[in-house]
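Asker: Mind looking over this structure? Questions follow.
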Amino acid sequence: MGSLACNIAGIPFINPIVMASGTFGFGQEYAKQYDINKLGGISSKGLTLEPRAGNSGTRVWETAGGMMNSVGLENPGIDAFLTEEMKFWETIEPVKIVNLGGSNIEEYVLGALKITKDTGERRKDHLRAVDMIELNISCPNVKEGGMAFGIKTNVAREVIREVRQATSLPLAVKLSPNAENIVEMAVMCEQEGADCVSLVNTFSGMKIDIHNRRSVFSNIYAGLSGPAIKPIALRMVHQVARQLSIPVMGMGGITSAADIIEFIMAGAEVVQVGTYNFMNLRAGEELLAGLQSLMLQENISSLDEIRGISY
Amino acid sequence: MYTILSNERICAGIYLMTVEGQFQEACMGQFYMLRAWNDVPVLSRPISIYNVENNSIQFLYKMAGEGTRLLAKLHEGDSIQLEGPLGHGFPDVKGRVALIGGGIGMAPLLYTAKQLDKPDIYLGFQDQSYLTEAFEPYSNKLVVQIGGSVLDDLDPSSYEYALVCGPLGMMKEAALRAEGLNTKMYVSLEKRMACGIGACYVCSVLNKNGHRKVCTDGPVFLAEEVDWHGQLSL
């Protein structure tokens with residue numbers, strides 16, 4: 001069987017399949033569906049310093065080959081995560097990534113400090129802890145912050161610099177495809193000491209109810225994901241990966257083992273699977289089995305052999 | 001994957017699907033995520049349980065969009081994927097119980113009536129009734145209203161419990177009429193869903209204690225806990 005092992009900032013992943021933030025909760029729900037210890041990693045539901053109620057109104061809309069969401073970072077807050085959800089995370093093996101959101105730099109920094117401190121304490125007690133922070137500068141669904149930081153490189157630079165100083169944990173930055181220049185943004189992340197970039201988050205989109213003559217979303221725009229975005233996401237991963245020396249987590253519309261191979265060939269170290277978790281509640285397990293048999297069929301003995309081969 | 005035994009058109013836009021299998025674990029008021037396609041549409045469809053027999057389950061559904069249109073096209077022998085049973089359904093209540101259904105909202109009430117001890121059943125329809133005869137054997141009293149409001153046909157104060165499923169406006173009105181009474185009213189809410197298992201947060205509704213997920217905290221909620229103002233804005 002081909003080797004599936006991957007590595008980001010010294011953290012070993014048993015395989016390249018990481019569940020994307022916002023599509024996998026904190027993992028408990030899917031643990032009832034299959035053995036999630038088979039996964040390479042899990043990125044948490046986006047967390048903020050304080051709990052958030054999220055957006056009102058319609059939160060989901062299907063599109064041709066995709067879906068838009070406007071959840072707006074509904075989450076229990078970092079403190080509740082650390083006291084409640086971490087009990088479950090202590091029991092599971094995949095690489096544990098906290099997706100950290102915020103409205104301003106201070107909020108990001110305080111969030112990063114709390115997670116880092118908690119990790120230190122857990123490690124002292126020989127408990128499993130958070131392995132990595134994924135900085136969400138790209139959520140399109142919150143009015144303040146979120147994507148505002150993900151559009152302009154110079155605005156994002158400040159956040160990343162401050163958070164980098166606040167945490168010793170490996171730091172990934174999740175990039176928005178809505179950035180003015182995603183390659184420039186990624187290069188800046190590397191310059192500022194990020195250990196990894198993950199891309200892409202959702203594309204900003206819209207749906208108008210022609211009877212009501214207004215957007216179906218109370219936040220007007222929403223984030224498009226799913227198979228519809230895969231070609232653009234893949235192109236962006238390809239553009240970014242070839243310019244960086246830090247690893248890339250590639251994502252956008254993955255629904256098959258062949259899609260995973262494409263992202264690896266575009267240069268991704270690991271991939272994230274998002275919307276497909278809704279389409280198939282056992283997505284992780286089935287993608288893993290599919291990946292193993294596809295590698296056998298294509299005579300790929302390790303992912304290193306094909307990573308970035310399409311440059 | 002399961003096999004469809006039948007998928008019949010009951011009347012304009014209303015279909016009854018019977019799927020083969022053992023579904024005894026399903027509880028009244030729960031639902032399944034149905035899927036009979038690959039990637040398009042991307043999401044599965046949450047459909048409540050209409051009936052469970054020894055060797056089959058039934059879903060009564062209204063053709064409302066792309067997903068239910070695809071479901072309506074399925075035939076005997078076709079395969080379908082069912083994820084479930086999901087959600088918190090109706091409570092097993094005893095005493096004087098009314099079941100109140102509006103239109104396709106009657107769907108979860110048949111299986112519920114079968115579990116309870118002959119409740120009074122009120123079913124309201126806009127222009128034509130369907131399948132009401134199925135409820136007869138399980139009801140103490142069956143009232144069918146066509147055109148008007150089924151809520152006008154009952155006095156909620158004469159019941160200890162009322163279990164309601166129907167259009168949002170009707171459930172809100174039912175909740176208003178039960179306010180201040182000793183009647184415990186439960187409503188079954190409906191929202192667009194993505195995962196159906198509580199991970200994606202797209203089916204949140206506002207409850208007096210904050211946001212709740214229709215898929216796992218509901219779909220059945222105590223009417224008095226629902227923030228009907230927020231609910232209507234959702």
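The values are calculated or read from the model by the stated rules, or taken from the named source; none is laboratory data. Since this is a predicted model, take the numbers as computed values, not measurements. Backbone-built Cβ (ideal geometry, glycine too); neighbour counts: all protein chains shown.
Asker: Would you check if A:L49 is surrounded by 18 or more Cβ atoms within 10 Å (Cβ to Cβ), in contact (Cβ under 8 Å) with a residue 24 or more places away in the chain, under 24 Å from A:F263 (Cα atoms) and away from chain B (no Cβ under 12 Å)?
Answerer: Against the criterion (surrounded by 18 or more Cβ atoms within 10 Å (Cβ to Cβ), in contact (Cβ under 8 Å) with a residue 24 or more places away in the chain, under 24 Å from A:F263 (Cα atoms) and away from chain B (no Cβ under 12 Å)), A:L49 does not qualify.
Asker: For A:E29, work out the one condition from (1) within 7 Å of chain B (Cβ to nearest Cβ); (2) at pLDDT 95 or above; (3) part of a loop (DSSP other than H, G, I, E, B) it doesn't fulfil.
Answerer: Answer for A:E29: the failing condition is (3).
Asker: Any idea which of B:L16, B:L71 is part of a strand (DSSP E or B) and away from chain A (no Cβ under 14 Å)?
Answerer: Result: B:L16 is the single residue among B:L16, B:L71 that is part of a strand (DSSP E or B) and away from chain A (no Cβ under 14 Å).
Asker: Name, by its number, the condition in (1) modelled with pLDDT of 95 or more; (2) part of a helix (DSSP H, G or I); (3) closer than 22 Å to A:E74 by Cβ that does not hold for B:Q231.
Answerer: Looking at each condition in turn, B:Q231 falls short on (1).
Asker: Also, quick follow-up: Just give me the residues in the stretch B:127-140 being within 21 Å of B:M170 (Cα to Cα) and without any contact (Cβ under 8 Å) to a residue 40 or more places away in the chain, in sequence order.
Answerer: Passing the criteria: B:D127, B:S129, B:T132, B:F135.
Asker: Report, by residue number, each residue of the stretch B:184-234 that is touching a helix residue (DSSP H, G or I) at 6+ places or on another chain (Cβ under 9 Å), more than 7 Å from chain A (Cβ to nearest Cβ), among the β-branched types (V, I, T) and buried (at least 20 other Cβ atoms within 10 Å of the Cβ).
Answerer: Hits for the stretch B:184-234 are B:V187, B:V205, B:V226.
Asker: Now for a separate question. Just to be sure I understand, how many residues within the stretch B:20-52 are over 21 Å from B:K114 (Cβ atoms) and among the small types (G, A, S)?
Answerer: Residues flagged as over 21 Å from B:K114 (Cβ atoms) and among the small types (G, A, S) within the stretch B:20-52 amount to 2.
Asker: Then there is this: For the stretch B:37-65, how many residues are crowded, with 20+ Cβ neighbours inside 10 Å, touching a residue at least 12 places away in the same chain (Cβ under 8 Å) and within 14 Å of chain A (Cβ to nearest Cβ)?
Answerer: 5
Asker: Can I ask one more? Filter the helices (runs of 4 or more DSSP H) completely within the stretch A:192-281 down to those with at least 3 residues that are within 14 Å of another protein chain (Cβ to nearest Cβ).
Answerer: Those helices (runs of 4 or more DSSP H) span A:276-279.
Asker: Kindly provide the set of residues from the stretch A:63-100 that are of a type in the set (D, E) and touching a Gly at 6+ places or on another chain (Cβ under 8 Å), ordered by number.
Answerer: Scanning the stretch A:63-100 gives a single hit, A:E74.
Asker: Restricting to the stretch A:205-244, name every residue that is among the aliphatic types (A, V, I, L, M), in contact with a Lys or Arg (Cβ under 8 Å, 6 or more places away or on another chain) and surrounded by fewer than 22 Cβ atoms within 10 Å (Cβ to Cβ).
Answerer: Selection gives A:I208, A:V216.
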